[in-house]
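A.B. asks: Questions regarding the structure given below will be posed in turn.
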Amino acid sequence: MDKLKLLSDIFDKKTVDVIVKILSKEDIFYLRDISRESGVSLATTYRIAQKLVKIGLVKKDSLDKFTYYKIQKNSPVHDELAALFIGKKTDIYNTSCFTPKMRLLCPSLRKKNLTRLMRCGIN
């Protein structure tokens, strides 16, 4: 089974699409661009981005009337999410996927769902 398909079954598909697009960014980005690239409405993209700001993965900043975001690659949750969503780390079994910050990102994350994800050989 495809990894992104499996993640979309566990998480909301829109959340997966937005997180994958954000994790692929190297520098600053705008929500409108993420919304367009992922095919998710701007309001939903904003809601997901606010959760990512809250857990420390993304930093929100403003210049005049423009609001932009930047991924925080030194954030403790960056490696965990990159491993889970885009496979940048090969050893996701040693990451702490049950932190309170991860639960903020997706309240539907339950131990049984992650166990099923690991049994399917996602790495």
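The values are calculated or read from the model by the stated rules, or taken from the named source; none is laboratory data. Keep in mind that what you see is a predicted model, and the values were worked out from it rather than measured. Reconstructed Cβ throughout: ideal geometry from the backbone, glycine too, with neighbour counts over all protein chains shown.
A.B. asks: Quick check on this structure: which one of 43, 82, 49 is in contact with a Phe, Trp or Tyr (Cβ under 7 Å, 6 or more places away or on another chain) and part of a helix (DSSP H, G or I)?
C.D. replies: Details: 43 fails: in contact with a Phe, Trp or Tyr (Cβ under 7 Å, 6 or more places away or on another chain); 82 fails: in contact with a Phe, Trp or Tyr (Cβ under 7 Å, 6 or more places away or on another chain).
Being in contact with a Phe, Trp or Tyr (Cβ under 7 Å, 6 or more places away or on another chain) and part of a helix (DSSP H, G or I) holds for just one of 43, 82, 49, which is 49.
A.B. asks: Are any residues in segment 14-32 charged (D, E, K, R) and surrounded by 14 or more Cβ atoms within 10 Å (Cβ to Cβ), and if so, which ones?
C.D. replies: Filtering segment 14-32 for residues charged (D, E, K, R) gives 14, 17, 21, 25-27, 32.
If the condition is that a residue be charged (D, E, K, R) and surrounded by 14 or more Cβ atoms within 10 Å (Cβ to Cβ), then 14, 17, 21, 25 are the ones that fit.
A.B. asks: (1) more than 19 Å from residue 73 (Cβ to Cβ); (2) surrounded by fewer than 18 Cβ atoms within 10 Å (Cβ to Cβ); (3) not aromatic (Phe, Trp, Tyr): which one isn't true of residue 45, the others all being true?
C.D. replies: Going through the list (1) more than 19 Å from residue 73 (Cβ to Cβ); (2) surrounded by fewer than 18 Cβ atoms within 10 Å (Cβ to Cβ); (3) not aromatic (Phe, Trp, Tyr), residue 45 breaks only (2).
A.B. asks: Then there's this: Can you tell me which residue in segment 52-70 is nearest to residue 29 (Cα to Cα), limited to those that are within 19 Å of the chain's Cα centre (by Cα) and part of a loop (DSSP other than H, G, I, E, B)?
C.D. replies: 57
A.B. asks: Report yes if residue 108 is at pLDDT below 90, over 10 Å from the mean Cα position of the chain (by Cα) and not in a helix (DSSP H, G or I), otherwise no.
C.D. replies: Values: at pLDDT below 90: yes; over 10 Å from the mean Cα position of the chain (by Cα): yes; not in a helix (DSSP H, G or I): yes.
Taking the combined requirement at face value, the residue satisfies it.
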